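Have a look at the structure below, then the notes.
The values are calculated or read from the model by the stated rules, or taken from the named source; none is laboratory data. All of these numbers come straight from a predicted model, not from anything done at the bench. Backbone-built Cβ (ideal geometry, glycine too); neighbour counts: all protein chains shown. Surface areas here come from the heavy atoms of the whole protein model, side chains and all, with no ligands, DNA or RNA. Shrake-Rupley method; radii C 1.70, N 1.55, O 1.52, S 1.80 Å.
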Amino acid sequence: MNQSKSGIAWGYVAGGVLAFFLGVFFLAYPLVTNAVIGIWFGAFFAATGVVCIINYITGNGLAVRSGWSLATGILDTLIGILFIVFPLFASGMLSIFLGVAIIVSAIFMLANGGTVIRSVSTGLFIVNIIISILFIIVGVAMIFNQGMMTTFFGFFAIFKGIELVIEGFVH
């Protein structure tokens, strides 16, 4: 990563500031954010499903031409349409998956923090522990309260933004 002569990792700082403000946006407009996320994932699933169906019909693509690939295409398309029509349902499902992903990420942060980050800086090691614990709390909350996904994801982005800014100045 490019660093200036002052030793500040500006990429970390810029990414941290961006994540922080994205988190603030999530907190300010939770329903809009939920709907946009649901529609975006719906469009993704629908597009993948249509591509699978087209590949099945034309015989193109890397997948073996079978009924399973056609069924996957149809299922993905139907899920995509469902998510587009009911975007808040989609964001609720996504909330569970993101909650699990955040918890797993926090566990890996703790595991790496014990070996890699501790050797770099004791202060950064302590920040890593605090941020990891906050991530686990946010992840659990996202799993059990899907209606507030963007609120918890907003806090996640804010915590990550703060962590990145601190890392940028510590490097």
Checklist line | the range 88-103, residues that are touching a residue at least 24 places away in the same chain (Cβ under 8 Å) and surrounded by fewer than 20 Cβ atoms within 10 Å (Cβ to Cβ) | finding: 88, 89, 92, 93, 96, 100, 101, 103
Note to self: Regarding the range 36-44, can at least one residue be identified that is modelled with pLDDT under 90 and either over 22 Å from residue 22 (Cα atoms) or small (Gly, Ala, Ser) (or both)?
What the structure shows: yes
Check: Which residues, taken from the range 125-151, are open to solvent by 10 Å² or more (accessible area, probe 1.4 Å) and more than 29 Å from residue 31 (Cβ to Cβ)?
Finding: 125, 126, 127, 129, 130
Next item on the list: Output yes when any residue across the range 148-158 is polar (S, T, N, Q), at pLDDT below 90 and assigned to a helix (DSSP H, G or I), and no when none is.
Entry: yes
Check: Just checking, which of 42, 7 is open to solvent by less than 30 Å² (accessible area, probe 1.4 Å) and either among the basic types (Lys, Arg) or not in a helix (DSSP H, G or I) (or both)?
Finding: 7
